[in-house]
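The values are calculated or read from the model by the stated rules, or taken from the named source; none is laboratory data. Predicted model only: the values in this text are computed from it and were never measured. Cβ placement follows ideal geometry from the backbone for every residue including glycine, while neighbour counts extend to all protein chains displayed.
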Amino acid sequence: MLTISKKKWGRSTAKKERVVRDAIPKDDTASDIKSYVLNAKSVTPYDLASKFNIRMSVAKKMLKEYADDGEIVPFIHEGGVSVYTTPEEMEKQGQEPSPQIEVVASTIKNVPLMNDEMESAIDVATEDVPVKPGRAARKKREEREKKAKKKPKPKPEAVEEVEEEPKKKPEKKAKPKKKEKKAPERPDLKVTEISGIGPKTADSLTNAGFDNVRAISEADPDELADKVDGVGSKGAADMVYEAKKMIQELEGEEVPEISDIKGIGPTLEKRLILAHYDSVKALADAESEEVAQKVEGITVDGAKRIIKEAKDLLK
């Protein structure tokens with residue numbers, strides 16, 4: 001006879017759950033058990049009890065019911081263990097039901113698993129019974145309720161409405177004025193600072209009106225050679241060339257030089273200067289036939305190429 005504890009508090013809930021689980025498998029568990037039995041090659045009550053966490057008596061009863069329905073067949077295994085299998089599996093193995101099992105099975109009374117007494121016990125066990133809290137838990141709860149009653153509720157503070165001041169537009173900062181670039185001072189260097197000019201030649205240049213480097217850089221090489229004693233055409237072209245370079249370096253001018261043109265070396269550069277093509281602009285504005293006539297060693301095609309590259313440098 002199954003006994004249920006009459007206590008209203010304590011462990012009655014845990015015991016109720018154990019009784020329900022052990023007595024009747026749930027529908028889904030029973031369905032899983034049946035599927036397992038019908039698909040297994042062989043099964044014992046112990047297999048069902050351990051696999052599905054049910055009592056051994058329940059496992060034996062379920063296997064007996066399946067056998068009565070003809071869904072499984074009992075036989076004795078080689079080790080003497082009672083085993084159940086399906087008729088199809090029995091045919092495959094070439095075995096027949098053991099007469100000993102049939103004799104034992106015929107002696108078992110078909111007693112229903114559930115009786116009135118069991119059902120009433122399960123009904124009592126499955127009632128929802130509230131669990132009474134312990135003394136310590138009740139005491140703590142009462143203390144919290146007393147403290148909550150004693151504390152006065154804080155009054156909500158009055159909120160003053162503050163008028164928002166209109167946002168001021170940020171003043172635009174005045175852009176700083178660009179500093180005007182001062183024109184570089186025109187240095188008047190002495191002619192003796194040009195390489196190759198000594199005191200005697202300097203005196204001759206000064207007497208002819210070429211008393212500083214800038215004057216020589218702006219002079220015509222042929223005119224300079226005619227006016228200055230002891231200075232030939234080649235020497236005059238060299239002086240003008242060196243003077244132009246010195247002025248450009250001093251004034252920081254980023255003006256392309258004719259030596260920047262591909263194919264123009266020192267010798268051809270001097271010949272171009274001697275022919276009054278002393279700048280890239282002068283070459284860009286020249287005619288190819290004219291350049292070929294005035295400058296020794298330059299053909300018309302070569303002049304065209306030089307003029308084209310000079311124009312490209314000025315872009």
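Within segment 285-315, the set of residues being among the acidic types (Asp, Glu) and closer than 16 Å to Ser259 by Cα comprises Glu309, Asp312. Which one is nearest to Gln93 (Cα to Cα) among residues in segment 14-60 that are modelled with pLDDT under 70, of a type outside the set (A, V, I, L, M) and exposed (fewer than 14 other Cβ atoms within 10 Å of the Cβ)? Going through the qualifying residues, I end up with Arg18. You will find that of Tyr277, Tyr241, the residue that is assigned by TED's automatic domain parsing to the domain that holds Asp312 and aromatic (Phe, Trp, Tyr) is Tyr277 and no other.
Of the residues Glu296, Glu223, Glu289, the single one that is among the acidic types (Asp, Glu), modelled with pLDDT of 85 or more, part of a loop (DSSP other than H, G, I, E, B) and surrounded by fewer than 16 Cβ atoms within 10 Å (Cβ to Cβ) is Glu296. For segment 258-283, the set of residues classified as assigned to a helix (DSSP H, G or I), of a type outside the set (D, E, K, R) and surrounded by fewer than 18 Cβ atoms within 10 Å (Cβ to Cβ) consists of Ser259, Pro266, Thr267, Ala282, listed by residue number.
Taken over segment 226-255, residues that are more than 13 Å from Lys270 (Cα to Cα) and in a helix (DSSP H, G or I) amount to 8.
Looking across segment 226-246 at every residue that is within 60 Å of the chain's Cα centre (by Cα) and crowded, with 18+ Cβ neighbours inside 10 Å, the one that is modelled with the highest pLDDT is identified as Met246.
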